[in-house]
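Here is the structure we will look at, set down as structure tokens.
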């Protein structure tokens, strides 16, 4: 992996290499490092994994406008992951007159629209009285295909040359509930090479399956610094095998992250905004 620094504005195209750029690397309430929102870039293609409430401002600090993002992939419905989608929808609909793509299953499309976006986006200025807008007025759906024979739901899609596998995670759930009824959340495997955990409780079975099946080169894993029933704690992640931790960069952290020394504890380190990670 090669790491280079940001210059002038985010480059959303490259020479064809797989590349990551974090608009932010913080947890939900981190106002210094923004939110854990990741741009994946490869050749002429890109996709923003999660667009939180601070994401439009985070992009602006890199001299990049939200309307330059042409593809989105929301992992779940907490505001630090989808809070910027309303702004993206309105800006594209009324200003650029373009419809960005969104990688989203039919199941989550319904949840996202009905429970989060509909309240504001269904009322627009250009339809006949009494006729409401829908998700499809604002976004063009890229519908993933569910894979067979996996231990948990896995959905596959492509944004141009970028292959994405959406793997269900256990973030917020009811004990004993099946996948159809627990809170929808996914991690993302990119090009079978790099795994981005999204938000998940500590879940060794997920990591073991991803490691055994795909053996990713790198893992970007969420991390918080206190015990939690819905997130992975630094203490829990520290118990993982050293060979796994060596290729794991931690993200979604709080502002006190400098109190910890991940490299001393066997990790590759903390992910940082303002850097290009090229694989």
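Observations on the structure shown:
- Scanning the range 8-34 for residues that are assigned to a strand (DSSP E or B) and modelled with pLDDT of 95 or more yields 19, 20, 21, 22, 23, 24.
- Count of residues meeting criterion [surrounded by 22 or more Cβ atoms within 10 Å (Cβ to Cβ) and either under 18 Å from residue 147 (Cα atoms) or touching a helix residue (DSSP H, G or I) at 6+ places or on another chain (Cβ under 6 Å) (or both)] in the range 190-201: 2
- Filtering 49, 69, 82, 39 for residues that are at pLDDT 95 or above and either farther than 28 Å from residue 217 by Cα or over 13 Å from the mean Cα position of the chain (by Cα) (or both) leaves a single hit, 69.
- Filtered residues of the range 132-149 (kept if in a loop (DSSP other than H, G, I, E, B) and touching a residue at least 24 places away in the same chain (Cβ under 8 Å)): 139, 143, 144
- Top-ranked residue of the range 14-49 - restricted to ones that are out of contact with any helix residue (DSSP H, G or I) (no Cβ under 6 Å at 6 or more places or on another chain) and on the phi > 0 side of the Ramachandran plot, ranked as surrounded by the fewest Cβ atoms within 10 Å (Cβ to Cβ): 16
- Selection count where residues are without any contact (Cβ under 8 Å) to a residue 60 or more places away in the chain and either within 23 Å of the chain's Cα centre (by Cα) or assigned to a helix (DSSP H, G or I) (or both), scope the range 110-131: 11
- Within the range 234-253, being assigned to a helix (DSSP H, G or I), closer than 21 Å to residue 279 by Cβ and out of contact with any strand residue (DSSP E or B) (no Cβ under 8 Å at 6 or more places or on another chain) holds for 243, 245.
- Residue 163, sole failed condition from (1) surrounded by 12 or more Cβ atoms within 10 Å (Cβ to Cβ); (2) farther than 22 Å from residue 211 by Cα: (2)
- Looking across 145, 159, one residue alone is under 15 Å from the mean Cα position of the chain (by Cα) and within 20 Å of residue 71 (Cα to Cα). It is 159.
- Condition met for residue 267 (at pLDDT 95 or above, buried (at least 20 other Cβ atoms within 10 Å of the Cβ) and in a loop (DSSP other than H, G, I, E, B)): yes
- Strands (runs of 3 or more DSSP E) wholly inside the range 151-211 containing at least 3 residues that are in contact with a strand residue (DSSP E or B) (Cβ under 8 Å, 6 or more places away or on another chain) and in contact (Cβ under 8 Å) with a residue 40 or more places away in the chain: 154-159, 162-168, 186-190
- Selection status of residue 75, under 21 Å from residue 134 (Cα atoms) and within 18 Å of the chain's Cα centre (by Cα): yes
- Yes/no for residue 77 being touching a residue at least 40 places away in the same chain (Cβ under 8 Å), touching a helix residue (DSSP H, G or I) at 6+ places or on another chain (Cβ under 7 Å), under 18 Å from residue 183 (Cα atoms) and surrounded by fewer than 22 Cβ atoms within 10 Å (Cβ to Cβ): yes
- Residue in the range 41-50 that is under 26 Å from residue 123 (Cβ atoms) and not in a strand (DSSP E or B) present: yes
- In the range 244-253, residue nearest to residue 263 (Cα to Cα) [restricted to those that are surrounded by fewer than 20 Cβ atoms within 10 Å (Cβ to Cβ) and out of contact with any helix residue (DSSP H, G or I) (no Cβ under 9 Å at 6 or more places or on another chain)]: 246
The values are calculated or read from the model by the stated rules, or taken from the named source; none is laboratory data. These figures come from a predicted structure and were not determined experimentally. Here the Cβ is made from the backbone with ideal geometry for all residues, glycine too, and neighbour counts use every protein chain on show.
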